[in-house]
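Here the structure is laid out as structure tokens; the discussion comes afterwards.
The values are calculated or read from the model by the stated rules, or taken from the named source; none is laboratory data. All values derive from a computational prediction rather than experimental measurement. As a convention, Cβ positions derive from the backbone with ideal geometry for all residues, glycine included, and neighbour counts pool all protein chains shown. The accessibility values were calculated without ligands, DNA or RNA, using every heavy atom of the protein model including side chains. Shrake-Rupley method; radii C 1.70, N 1.55, O 1.52, S 1.80 Å.
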Amino acid sequence: MDFEAIKKCSPLHPKPAGLALQYGTAGFRTKAERLDHVMFRMGFLAVLRSKATAATIGVMVTASHNPEEDNGVKLIDPHGEMLHPLWEEYATQLANAEEQELQKVMTEICQKEAVDLHKDSLVFIGRDTRPSSKKLSQSVIDGIFILGGQYHDYGLVTTPQLHYMVCCQNTQGQYGKATLEGYYQKLAKAFVELIKQANSPSSGDSQRHLKIDCANGIGALKLMEMERYFPKEVLIHLYNDGTKEKLNHLCGADYVKVHQKPPRGLDMKPNERCCSLDGDADRIVYYYKDTTDHFHLIDGDKIATLISIFLKELLVKVEQTLKMAVVQTAYANGSSTRYLEETMKVPVHCVKTGVKHLHHKAQEFDVGVYFEANGHGTVLFSKAAETKIRQVAKEEKDDEIREAAKMLENMIDLINQTIGDAISDMLVIEAILALKGFTVQQWDAIYTDLPNRLLKVQVADRQVIGTTDAERRVVAPPGLQEKIDALVKKYKSSRAFVRPSGTEDIVRIYAEADTQENADALAHEVSLAVYHLAGGVGTPPQPL
């Protein structure tokens with residue numbers, strides 16, 4: 001390692017005085033102007049991780065659904081998964097090290113991980129459409145270059161596309177071609193094959209129109225590139241395509257989910273199917289307005305349910321011994337959990353918030369469906385399940401069983417198994433709706449969501465909140481859980497939980513109950529309890 005070169009170049013990417021950042025589920029995120037040193041150092045870390053794993057590593061420059069002036073960075077591990085937890089700690093140490101400590105921190109990482117510095121390294125880089133992303137990705141390249149690493153800059157890509165590229169590269173092309181064209185072709189081919197099998201009369205032309213809110217982000221650019229690969233029956237209409245407004249401003253999946261209303265700039269007619277991506281296109285939510293102008297949100301829970309119904313029907317036809325499960329977080333609507341467990345007879349597992357926890361749990365099953373309520377999710381197929389399905393699709397004599405296996409095979413190819421992918425998930429949903437002949441209202445009517453409310457309370461220090469039971473119960477501060485329990489008892493069909501944010505000093509509150517009025521009242525009362533018992537700052541929470 002050329003420490004002289006590091007010493008010379010590092011001051012060109014100075015660390016702001018007193019800035020301390022934590023690498024969380026979303027990587028690093030803060031105001032763009034404070035990130036230059038972090039990007040430079042993540043270039044170092046990516047090279048070290050690449051040498052340690054003898055594999056290609058990804059670096060994505062994005063702050064997803066955050067405001068345009070923010071930015072962030074996350075590293076992608078060899079199979080397209082999130083960075084290993086131990087390396088998250090190294091990332092935090094490296095980002096927070098003072099100039100004179102850099103050499104020591106990097107040497108320690110190399111010793112602990114037995115990094116062979118003579119090995120080759122390759123880093124794939126991608127970025128979103130923020131004004132700051134190009135300059136920040138150049139800082140990553142500067143860091144890679146100083147450590148003598150090789151890199152391939154994909155430029156503007158969605159986060160899931162970069163995860164996909166990394167996986168393709170490290171599986172020597174078994175997962176697909178590590179090019180944008182390879183990504184489009186693989187997904188489009190599987191989608192077209194599935195659509196061919198749809199013969200339901202209600203899945204006609206009127207059903208194939210889809211309005212897409214692209215959050216003024218990267219999703220718009222990539223859908224425009226991909227459109228020529230779609231069959232002519234699929235008509236997508238893009239809104240908030242980044243030509244006029246700011247990224248994520250009053251639009252995007254996060255805005256629609258939190259505010260439970262349509263994005264600005266999308267004109268909705270009754271019963272039209274619409275969806276929103278987030279800023280880096282790894283989340284998706286659907287919605288529509290009924291004839292009384294009432295807004296209906298179809299979030300990650302209903303997406304997971306639709307996919308689970310479809311996959312379970314096919315698995316029953318093909319091979320009943322494959323084990324399928326759904327993984328959710330505490331934010332999942334109680335109605336969805338009950339429907340999956342009681343009606344569908346599909347096991348449901350609850351894990352801590354954060355995609356890495358869901359992904360990890362889903363890997364335990366032959367078919368693991370996971371979605372966060374915010375619309376981030378995917379489906380994982382075990383190697384054994386995939387082999388079995390492909391074998392049946394190829395060799396089965398019974399027409400019905402073979403057709404079902406072929407559908408599953410196309411599903412395996414259409415789903416981006418490395419991470420939640422809004423474009424891939426959208427195509428999966430569109431294919432299922434066509435194959436089942438479902439309208440958006442029929443999908444929505446599978447079960448009725450319990451009314452719910454999400455709130456947040458600013459606190460002096462989020463670390464005072466300690467949780468257990470997949471974040472569904474609080475163990476600190478004393479008395480808070482007892483207070484929540486007492487409040488929940490006041491309302492019918494209710495539950496509530498609180499958890500600290502992973503990125504800022506706020507506590508998130510979730511409540512659901514039999515009516516919206518009760519869910520709102522419960523959420524407000526819980527937020528007051530958090531404010532008083534967990535060191536709230538500013539004015540106390542006001543009723544909704």
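Below is a table of values for the structure above.
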| item | result |
| --- | --- |
| Ranking by accessible area, most exposed first, for Lys302, Lys406 with a 1.4 Å probe | Lys406, Lys302 |
| The stretch 3-156, relative contact order [Cα under 8 Å, separation at least 6], % | 32 percent |
| Protein-only accessible surface order, largest first, of Ser424, Ser493, Ser382 at 1.4 Å | Ser493, Ser382, Ser424 |
| Accessible carbon and sulfur surface of the chain relative to its total accessible area, %, 1.4 Å | 50 percent |
| Relative contact order of the chain, defined on C-alpha pairs under 8 angstrom at six or more residues apart (%) | 12 percent |
| Diffusion coefficient, µm² s⁻¹, Stokes-Einstein with Kirkwood Rh over alpha-carbon pairs of the stretch 452-533 at 4 °C and 1.567 mPa s | 105 µm²/s |
| DSSP beta bridge pairing in the chain, given as percent antiparallel to the nearest 5 | 60 percent |
| Exceeding the 24 Å Cα-Cα cut-off - candidates Lys302/Lys436; Lys186/Lys361; Lys196/Lys323 | Lys186/Lys361; Lys196/Lys323 |
| Accessible area per residue, Å², the chain with all protein chains present, probe 1.4 Å | 41 Å² |
| Heavy-atom accessible area order for Lys246, Lys186, largest first, 1.4 Å probe | Lys246, Lys186 |
| Partners for Lys15 among lysines (Cα-Cα distance below 24 Å; same-chain residues under 8 apart left out) | Lys7, Lys31, Lys74, Lys104, Lys134, Lys135 |
| Kirkwood Rh in Å, taken over all unlike Cα pairs in the chain | 24.3 Å |
| Virtual paramagnetic centre 7 Å along Cα→Cβ of Lys189, amide N under 15 Å, in the stretch 215-255 | 229-230 |
| Cross-link reach list, lysines versus Lys189, counting only Cα pairs under 18 Å and skipping chain neighbours closer than eight places | Lys177, Lys222, Lys232, Lys394, Lys406 |
| Principal axes of the stretch 184-297: Cα extent on each, largest first, Å | 37, 33, 20 |
| Set of the stretch 517-544 residues, backbone N closer than 14 Å to the point 7 Å along the Cα-Cβ line of Lys492 | 517-519 |
| Cα-derived Rg over Rh, computed across the stretch 75-129 with Rh taken as Kirkwood radius | 1.00 |
